[in-house]
Structure formats: C-alpha cells, structure tokens
Amino acid sequence: MRFVFTRLFYALLALGFVPLSLSWGRPGLRWLTILFDAGLLVLAFVDSRLSRLPEGVEIVRELGGRFHIGAETEVRVHIRNHTARALRLRIKDEYPPVMILAARREARVRVGAGETATLAYALKPPRRGLFEFGWVAVRFVSRLGLVWREAHAGEAQAVKVYPNIRRAREAELKALGARSLVAAQRRAAWRGEGRDFESLREYVPGDELRHVSWSATARRGKLTTRQYQIERDQTIIIALDAGRLMTARIEDETKFDSAIHAALALMSAARRGGDHAGLLVFGRRVKVFVPPARGREQTDAVLEALHAIEPELIEPSYTRAFEFISANVKRRALVVVLTDLVDEEGSRELLASLRLLRPRHLPLVATIGDRDLRASVRDAPSDIRGLFNQSVAEEIMHQREAALRRVEAQGGLALDVTAAALVPSLLETYIRVKERGLL
C-alpha cells in the first residue's frame, strides 16, 4: 500500500512537538508527546487503509486520433465526479515509455461535485509498432485528510503506431512540383497507341490497317478507323524487401522505413492518378499482401498491414515474391521492387527471378543506396586504410550498377538512389511510365 502524508499530517506532527519543548524536568509531557505522535502515525495508517477512491469517480482516457511516426497526438484524461462532494486529485497517466512526451502528463485537479476536469498532454512516437498504455495513477486525500492515498483507475489500452501518411503525401507534392498529376492524366488521356477504345473517325492516309473497323466501314460506306487512348486505370504493385540489408539505418530510421514512406507516397500519387495500387512485403516468404485497389479504404488497409512489420536479418527470396505476384496479379502491372543490393549473389537471384514477371508485368527495381558509400569514393584517400575502404566501396557500387543495367537489358526499369532521393525519383519514373503508355 502506497501513500504520502499531507500537509495537515505534518502540521499536527509539528504541533505534537510543542509539549516536547516544555518537557524539561517534566517526563509526563515527554511521554505525552511520544504517545501523541505514535497515535497520529497509527491514525494515518488506519486512515489510508480505510480510504478508497469514491465509486462515483469515473476516469477515462481519450486518444486524439491515430498515432503516426514523428507526429504529435493529443491524449486526454477525463475525470468525472458523480459524487456529492468536491475532490482534490493528483492524476498521472502511464504512457508507453518508448514514446516521446511533448507535454506534462500529470496534474493536480480539483473536481467539484457533478463536474468534469481534463488532463491533456501530447505524445510523439519514434517508430511503428504496437504499444500499451498502463493504468491511470490517481492520488486522492483520505477521509481524515492525513494522507494522499494512491490508486489506479481507467484501463490499460493497446495502441498502434502507423507510418506517417502526412509525411508521404507532403513528399509526393514536393516531388511532383509543377508536374501535377492533373497534367499527367491529361497527357495520358491523349489518343495514341493505347489499348482502350475511344472513338471512330474517318480513315486518313498513314493509319494502320489493323486499326480499320471493317464493320463500321460497311455501315458508313467509307473507310473508318478506330481511335484508342492510353489506359488510365493501371495497376501498380509495390514489393517491399524486408530482408537483411533493409535493416541498415540511415540517420534515425531504417532503409525499410524509408521504403515504406516512399511506397505510401507512390500509392498516394497512384490514387490521384486513378490507378489501382497494391502492396507486397516479403522476406524469405511473403509476409503481407494487399491486393490492388484504389480509394481511401485501400490506404487504410495498407497502413494497417504495415504498422507492425519489421525487417529481419535474413536474405530475402525474390523468387518466392515474384512467383506470388505472377500467380495472384493477372492484369499487367508496374511492379515496383524497393530493395537493396550489395553482393553479387543477391544480384544474381534478383536477375534470375525477373523472368517470372516478364513479359506480363513491367518491373521497376529501385535500390536504396548509402550516402556514406558514395561519399567515400568522392575524395582521394589519405592513407592505406582509406584506399582499401574506397576500393571496397567502388566494387560494391560497380556490382550494383552492373546488376541494374542487366535489369534494363531484360526490359525492366532501374533506379539506384539515396533514401533522400527515393521519393522524387520513384514518382518521376511513375509519371514517365504513364505518359509513355508503357503499361
């Protein structure tokens, strides 16, 4: 049992020492002081045992919304007093220790009879995952006012921390700049070598005979050509590598987290562009698959799927991932693979597995490079150790570049960018694919 003495207790205790100052030559006063102080302590102990938080006190925690990485979310603790007397309380909420406290989470409140008081504070989660709030710790004055009695109220509560969708959307808008998706859609809707029928028109010299509509020609009595437009409701599958190399940290987050926010930015762009987007997360096996769709519900489904996924210290299986895509995505799609490559063996498996996607799908392999790796080959080495490190870095970069060139040789697209350049490069490539009607 935990309790803290009140000011009233200390005042009475001090009052008990007054006779002690007059007890010189008067043993009776000394014993009277000892008995008084001992009785006060016993009374305080009994008071703490018999005092309970009134049943009419209701304490409820309310969350201001979803928790997202790096974003402040308000937490409110409401104290409702349904009793007939005013109460003095000290409230302290037990929030998940991993979260960063942005405001004070404890307060002294006085709640009148039939009134409500609120403690509000803010939390900023540094990473994704599932976390738990504990009980709300409450201190209240005992019946006799001698101690602050401690109790627990409210309920333990599990909360999910999601990727920061606002950060992804801001990155999307910043990356696109003047090249808005409205303009991209307008260009994509031009008549051209697409596959969606748009209209009929009179034949002009130079039109391909395969586009002539013979049934319309027979009805009109003159050669008539079919016009097509580029498909706008295309399909995008984003495949996230959750293997060993994606555990590497760049500043304050892993490469996997950088890839997640790039994926969300691409999905936001696809949604604005009227395309269907899906998600696949893979390690040795497929961990998560969200079939392609569009709309707000799709974004919510992807956030739900990603909130607790973490990369593992294992080698990813591109073969299993691409086999899964080939078996479950029948419509031609842009398959964006967000990964990293260092050694020749990993590159070899990726290249061998691409045949599972071609020719039905168009693969785009985006590797997240290390800024330090590029910096290490920029300047001349100052000693033998620096020369050795630079040689290793150059060899790794050469292998990465050779692997990505072989991706392009197989009919795919390739990007090798730093985490900072990932979103703009990815979105530029996506718009280029739409403009050129590559799907």
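Packing order of peptides 107-114, 143-150, 362-369, highest average first: 362-369, 143-150, 107-114 (average count of other Cβ atoms within 10 Å over each peptide's residues). About its Cα centre, the dipole of the chain is roughly 1500 debye, where the only charges are +1 on Lys and Arg Cβ and -1 on Asp and Glu Cβ. The C-alpha radius of gyration of segment 395-439, expressed as a fraction of 2.2 N^0.38 Å, stands at 1.29. Ordering of 413-420, 12-19 by packing is 413-420, 12-19, highest average first (other Cβ atoms within 10 Å, averaged per residue).
Among Met99, Leu341, Ala239, whose Cα projects farthest towards the positive end of the dipole of the chain, with charges put on the beta-carbon of Lys, Arg (+1) and Asp, Glu (-1)? Projecting each Cα onto the dipole axis, the largest value belongs to Met99. Within a straight-line Cα-Cα reach of under 20 Å, Lys174 can be paired with the following lysines, leaving aside sequence neighbours fewer than 8 residues apart in one chain: Lys434. In summary, the chain shows an alpha-carbon radius of gyration equal to 1.53 times the 2.2 N^0.38 Å reference for compact globular proteins.
Secondary structure note: in the chain, about 70% of the DSSP beta bridges are antiparallel. Helices in the chain, meaning DSSP H runs of at least 4 residues, each add -39500 (n - 2.57). Divided by all residues, the mean residue ellipticity at 222 nm is -12000 deg cm²/dmol. Near Gly114: Cβ cut-off under 14 Å, other residues only, Lys/Arg at +1 and Asp/Glu at -1. The net charge is +1. Overall, the ratio between the Cα radius of gyration of segment 57-162 and 2.2 N^0.38 Å, rounded to two decimals, is 1.14.
Would you mind getting me the FRET efficiency between Val46 and Leu313? Use the beta-carbon distance for r and R0 = 51 Å, nearest 0.05. Please report the intermediate quantities before stating the final value.
Details: r = 58 Å, r/R0 = 1.14.
Here the calculated transfer efficiency is 0.30.
The C-alpha atoms of segment 1-87 occupy a region whose extents along the principal axes are 72, 34, 22 Å, arranged from largest to smallest. Coupling constants for segment 272-289 follow from the phi torsions by the Karplus curve (6.51 cos²θ - 1.76 cosθ + 1.60, θ = phi - 60°), and in residue order they are 5, x, x, 9, 8, 10, x, 9, 9, 10, 9, x, 5, 10, 6, 8, 9, 9 Hz; glycine and proline get x.
Throughout, read-outs are computed from the coordinates displayed, never taken from laboratory work. The structure presented is a predicted model; accordingly, all values stated were derived computationally and were not measured. Positions of Cβ are backbone-derived with ideal geometry, glycine not excepted, and every protein chain shown enters the neighbour counts.
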